[in-house]
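These notes are about the structure you will find just below.
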Amino acid sequence: MKITDVVIKRRKSKNPNLVGYATVVFDNELLINDIAIIEKDLKFTIQFPRNKYALTNNKDCIVPLSSEFREYITSKILSNLF
C-alpha cells in the first residue's frame, strides 16, 4: 500500500503534547481520519484513532502489522507536518 495523500490539521488543545491530527489516504482507496500527532520530549509519534469500545477494552481499531509499515506511515505524516 502506498500513501497517496496526507492532510494535517494543527490544533490548539488542552493537551500540550497534541500537535494536531492527520488524515491519510492509501492507494486512493482507503481513508483513515484523526490520526493524532503527539510531541513528547522533542520526539514526534502518531496514535491511531480509537472508538469507545477500543478505549474501554484497551484494543486499537487500526493496527499496522509491522514496525516498517508503522514507520512508513509516521514518516509520511511527519514530512507533511514540517
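Observations on the model:
- Just so you know, in region 42-82 the residues that are among the basic types (Lys, Arg) and part of a loop (DSSP other than H, G, I, E, B) include one that is nearest to the chain's Cα centre (by Cα), and it is Arg50.
- Near pairs, Cβ below 8 angstrom, 6+ apart or cross-chain, from region 27-54 (on the phi > 0 side of the Ramachandran plot) to any residue that is polar (S, T, N, Q) and part of a strand (DSSP E or B): Asp27/Thr4; Asn28/Thr4; Asp34/Thr23
- Candidate set from region 55-82 (those that are touching a residue at least 40 places away in the same chain (Cβ under 8 Å) and touching a strand residue (DSSP E or B) at 6+ places or on another chain (Cβ under 6 Å)); member that is nearest to Ser13 (Cα to Cα): Leu81
- Selection within region 14-41 - charged (D, E, K, R) and assigned to a strand (DSSP E or B): Asp34, Glu39, Lys40
- Region 1-39 - residue that is out of contact with any strand residue (DSSP E or B) (no Cβ under 7 Å at 6 or more places or on another chain) and not charged (D, E, K, R) and, of those, nearest to Leu65 (Cα to Cα): Leu30
- Check on Arg10, surrounded by 14 or more Cβ atoms within 10 Å (Cβ to Cβ) and without any contact (Cβ under 8 Å) to a residue 12 or more places away in the chain: no
Read-outs: derived from the displayed coordinates by stated rules, not from any lab. Because the structure is predicted, anything quoted here is derived from the model rather than measured. For neighbour counting, all protein chains shown are included, and Cβ atoms are generated from backbone atoms with ideal geometry for every residue, glycine included.
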